[in-house]
1. Return the calculated 222 nm mean residue ellipticity for the chain, to the nearest 500 deg cm²/dmol, obtained by summing -39500 (n - 2.57) across DSSP H runs with n ≥ 4 and dividing by the residue count.
2. For segment 73-136, state what percent of all Cα-Cα pairs lands in each successive 10 Å bin, counting from 0 Å until the bin that includes the largest distance.
3. Among the lysines, which fall within straight-line cross-link reach of K228, defined as a Cα-Cα distance under 25 Å, with same-chain neighbours fewer than 8 residues apart omitted?
4. So how much accessible area does W220 have, in Å² to the nearest 10, using a 1.4 Å probe?
5. Normalise the Cα radius of gyration of segment 50-99 by 2.2 N^0.38 Å (N = residues in it) and let me know the number.
6. Given Cβ point charges of +1 (Lys, Arg) and -1 (Asp, Glu) and nothing else, what value in debye, to the nearest 20, does the dipole of segment 60-219 about its Cα centre take?
7. Using the Karplus curve 6.51 cos²θ - 1.76 cosθ + 1.60 with θ = phi - 60°, what ³J(HN,Hα) values do you get for each residue of segment 74-80, in whole Hz, with x for Gly and Pro?
8. Amide H neighbours of A170 under 5 Å, counting only residues 5+ apart in sequence or on other chains, H built in-plane at 1.01 Å?
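The values are calculated or read from the model by the stated rules, or taken from the named source; none is laboratory data. Computed from a predicted structure; not experimentally measured. As a convention, Cβ positions derive from the backbone with ideal geometry for all residues, glycine included, and neighbour counts pool all protein chains shown. The protein model used for the area step is the full one, side chains on, heavy atoms only, and it has no ligands, DNA or RNA in it. Shrake-Rupley method; radii C 1.70, N 1.55, O 1.52, S 1.80 Å.
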Amino acid sequence: AVWAVTNEDSVTSGRGMPTLSVQVIHSESYVPPPDAKTPTGFCASCNAPTTGKVSTDFDAMQETQFINGRLVGALNTGLKIPGDRGTRSGVAWFVVHPSLDGASVSTTTHVARQGYVSVQGEYLLYPHINMTDNGAMALTFGLGGPSTYLSAAYSVARNGRTFKIVKLAAAGTGPDNGFTGVGDTGRWGDYSNGQIIPGTNKVWLATQYIPNSGTGFSNWGNRIFELKLP
């Protein structure tokens with residue numbers, strides 16, 4: 001669904017009221033993602049083992065941006081990956097062409113580009129997407145699996161192309177030893193983020209991973225890195 005607020009100047013002018021409208025559009029499918037299964041660990045401050053299960057996301061499109069007349073966003077989704085067992089958490093991404101009909105969202109609003117990103121045997125967590133002026137895109141997210149410590153990862157796509165190769169920005173160095181993972185599903189997130197350097201094809205991105213042993217209560221950290229897009 002695409003929402004729009006129009007006549008927002010009325011808030012300060014005192015003339016009229018803002019208008020809120022919505023248009024439901026067709027897109028690729030969404031499935032609630034499963035928790036990530038990663039190596040078990042030990043929470044020192046809790047004196048108890050951690051399950052290795054980590055929350056991949058919740059039902060929300062986070063950090064959606066309006067870039068060059070397009071709405072760009074991504075969220076986790078459950079995916080069946082060929083050659084893989086069970087359901088993994090992957091990424092669903094969207095580029096939407098919005099338009100207005102007077103003060104309301106037009107019926108011509110539609111998905112211009114969309115797709116999925118996944119890695120066989122791994123789980124992807126909390127994605128964020130950016131797009132440059134020339135249409136090239138960068139996608140960052142966490143990555144982990146039964147034999148993979150939670151890491152920072154990314155993928156890039158040329159204008160008009162889809163995301164293909166997933167690369168690591170920083171490999172995790174150990175299991176999740178946070179107190180939320182003791183006897184339950186550990187909390188992860190709440191988000192990744194990024195920012196295009198205006199007028200360039202460079203972008204700064206940030207996402208979570210496990211950089212060290214931490215404080216005894218938790219050991220997640222943030223990986224911040226710069227990419228030059230095609």
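1. On the way: 1 runs with 4 residues, N = 230.
Mean residue ellipticity at 222 nm (helix-derived): 0 deg cm²/dmol.
2. Once binned at 10 Å, the Cα pair distances of segment 73-136 give 20, 36, 28, 13, 3.
3. In chain and number order, the partners are K164, K167, K202.
4. Its accessible surface works out to 130 Å², give or take rounding.
5. On the way: Rg = 14.5 Å, N = 50, 2.2 N^0.38 = 9.7 Å.
Working it through for segment 50-99, the quotient is 1.49.
6. Value, rounded to 20: 500 debye.
7. 8, 7, 6, 8, x, 9, 9
8. A152
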